[in-house]
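Okay, structure first, notes after.
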Amino acid sequence: MDVPIGFVGIGGVLKSRVRRDSGRGQGCKCSMDDGVGGGFGSPVPLKGKTSPELFFKLNAELQAAVNDERYGDAARLRDELVVVRSNDPLLSARDTLKNALDEEDYKTAATLRDRVRELMRQRSEGNGFSLNRISHLLVREGSVTKVVSTAADGSVPISHTKFSEKNSAYQQPSWSPSGDYLAVVKVSVVDPKQRRLLVFNLFENELVVDWNIEETPFYFFWSPCGTVLTYLSSKNGDLTCECVDVQTRERRPQFGEGRPFFYDMKQTDTIWGVAHIGSKSVVECFKLFEAPEKRESILLTESPGSFKSPQWHPNPSLEGGSQALYMVKDGTSSILKCTDIVTGESANLIRIGNGASVFSMSPDGSRLAILVRGERAEELTVVDGPFDAKDQRNMEDSPFTVNLSVPFSRTLAFFWSPDSKKLLYLSEPMDSISQYHCRWNVYDFSRNVLARFEEHAPSKIFLTQIVPFFDQYSRSHRIWSADSSAFCYSAKSERLGGKRGPTFSWVQHLPTEMGDNKEDNEDAPRRIIKGPETPIPTPLLTGSELCSWSM
């Protein structure tokens, strides 16, 4: 059965459709035959649903009603959609802006444009908004690809691309912080010179950017305000970082090059970048939108330590300045530093022994996770803050408050939950040669509870593209749900086909005691939840090689 899914604008015009199968059972909701599937099941009450959930659900039902010639239902659904749009500040502002442009009222349009930007910035920062959708990169027959998004339970699938022909493929779907935009790159397998940068507006179902590009982007990173897309590509032996304003459709000046190139962004009165450029052996800060010939950079060090990605501190310094976190060499060791780029004050936070290290600060700035990899051993530990450029702690006495290393295992990647209370990390046995025995683990700091989930084989794309550079991807690739109650991943599992079966996108909910409202008890003895005590992961789409959660 074909059920069209589309979008309605101010005038109720249907714009697109997508197929789904008629299966309404539990478990996997899609087959490799059509790429998108799963039923809506019984009608979902509108009460309690958020604007985004209502928007996509009502659009799907409207398309189905039109397709079945139930025009009375279609009229009712159209009117409900108009109400949903009018009650959503951003959608309403966009509709009003379109009307102003149609009437050539450019003075009003200029004010509304600024209003839309401000609303997108607020939505990008959260403020109670959650789109709560998951994007999936579906792969068939090795290279035939498609980009789809679904609700968190796999329902209301929307196809953002058709299945590509065998001579082209889609790569790197990436959500904007507000959830309004989804970026993807389309490349030709036959002619490498044919490549396009695509950015979709999900709520308007329109392609806002469709450009030919010189080189293939392999990494997307949205600005904190949600309107600027930056991307890395390889050119003449170096990595170049370029950006585009998706609202004005303007290309911005290239803001960096070098190999390797790791960076983070922060929003103040403008967008600041901090980058670790390996070929130049520097860590420096700069404003993104200044032309290269006019750009003034703030040099943090010419002697970087053994690390990859720098990070902006989530919080300003005690003096109110932006703070950059990075590592510097100190003999055979590395020192993690925190520098206020306004005052120049700098604190040595932690000394790391001989070995490569990866660090990531929790979203609220209260904890710091550090993975140190030596020749024969590794250690994943978490240090309690606070951390500040004025910090005068003795590095040698800095306590590693929690050691999360799994005995006889290596840690492949880790990701903080949005609420900063949990750390998700992927481990595999030291003696594993097939990478089929990987396991997600979640440690809840507020309850001293560790959950170990079932073994699986991560998808090839996740293992080869995300895992080696997870500290960079942790800034841009969302695995966690916005409410920190679940995470998503793409993998093979013994539950559905085993090693020879297809990959699936999965949603793993946390154990109940990690999500209840009990008082925190950090001092309780550590409790380990595993095996039958952990919830069973839910499969969503077949053939998913990469999935990520929107805000």
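The values are calculated or read from the model by the stated rules, or taken from the named source; none is laboratory data. None of these values were measured; they are calculated from a predicted model. For neighbour counting, all protein chains shown are included, and Cβ atoms are generated from backbone atoms with ideal geometry for every residue, glycine included. With ligands, DNA and RNA removed, areas are computed over all heavy atoms of the protein, side chains included. Shrake-Rupley method; radii C 1.70, N 1.55, O 1.52, S 1.80 Å.
Yes/no per residue for (1) in a loop (DSSP other than H, G, I, E, B); (2) of a type outside the set (Ser, Thr, Tyr); (3) closer than 30 Å to Ala151 by Cβ; (4) at pLDDT below 90:
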residue: Leu198; (1), (2), (3), (4): no, yes, yes, no
residue: Glu204; (1), (2), (3), (4): yes, yes, yes, yes
residue: Val209; (1), (2), (3), (4): no, yes, yes, no
residue: Leu232; (1), (2), (3), (4): no, yes, no, no
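Residues being surrounded by 16 or more Cβ atoms within 10 Å (Cβ to Cβ) and part of a strand (DSSP E or B): count how many of those fall in the stretch 318-347. Residues flagged as surrounded by 16 or more Cβ atoms within 10 Å (Cβ to Cβ) and part of a strand (DSSP E or B) within the stretch 318-347 amount to 16. If you check Thr96 against the conditions, is it modelled with pLDDT of 90 or more and within 31 Å of the chain's Cα centre (by Cα)? Against the criterion (modelled with pLDDT of 90 or more and within 31 Å of the chain's Cα centre (by Cα)), Thr96 qualifies. Scanning the stretch 359-383 for residues that are touching a Ser or Thr at 6+ places or on another chain (Cβ under 8 Å) and open to solvent by 10 Å² or more (accessible area, probe 1.4 Å) yields Ser360, Pro363, Asp364, Ser366, Arg367, Val372, Arg373, Glu378, Glu379.
Kindly indicate whether Phe487 is surrounded by 18 or more Cβ atoms within 10 Å (Cβ to Cβ), at pLDDT 95 or above and on the phi < 0 side of the Ramachandran plot. So Phe487 passes the test.
Residues in the stretch 172-196 that are in a loop (DSSP other than H, G, I, E, B), touching a residue at least 24 places away in the same chain (Cβ under 8 Å) and of a type in the set (A, V, I, L, M, F, W, C): Val189 only. Restricting attention to the stretch 266-285 and to residues that are open to solvent by less than 30 Å² (accessible area, probe 1.4 Å) and under 20 Å from the mean Cα position of the chain (by Cα), the residue that is farthest from Met327 (Cα to Cα) turns out to be Ile271. The residue list Pro468, Pro418 contains one member that is under 30 Å from Ser178 (Cα atoms), without any contact (Cβ under 8 Å) to a residue 40 or more places away in the chain and either open to solvent by 10 Å² or more (accessible area, probe 1.4 Å) or in a strand (DSSP E or B) (or both), which is Pro468. Among the residues of the stretch 60-91, the one identified as open to solvent by 40 Å² or more (accessible area, probe 1.4 Å), modelled with pLDDT of 90 or more and either in contact with a Ser or Thr (Cβ under 7 Å, 6 or more places away or on another chain) or small (Gly, Ala, Ser) (or both) is Gly72. Across the stretch 490-511, what is the number of residues that are within 14 Å of Val442 (Cα to Cα) and free of Cβ contacts under 8 Å to residues at least 12 places away in the same chain? Number satisfying all stated conditions: 0.
The single residue among Ser155, Ser135 that is open to solvent by 10 Å² or more (accessible area, probe 1.4 Å), within 26 Å of Arg94 (Cβ to Cβ) and of a type in the set (S, T, N, Q) turns out to be Ser155. Residues being touching a residue at least 40 places away in the same chain (Cβ under 8 Å), of a type in the set (Val, Ile, Thr), within 26 Å of Lys186 (Cβ to Cβ) and in a loop (DSSP other than H, G, I, E, B) are represented in the stretch 136-156 by at least one member.
Which of the following residues is basic (Lys, Arg), more than 20 Å from Gln472 (Cα to Cα) and at pLDDT 90 or above: Lys329, Lys308?
Only one candidate passes the filter, namely Lys329.
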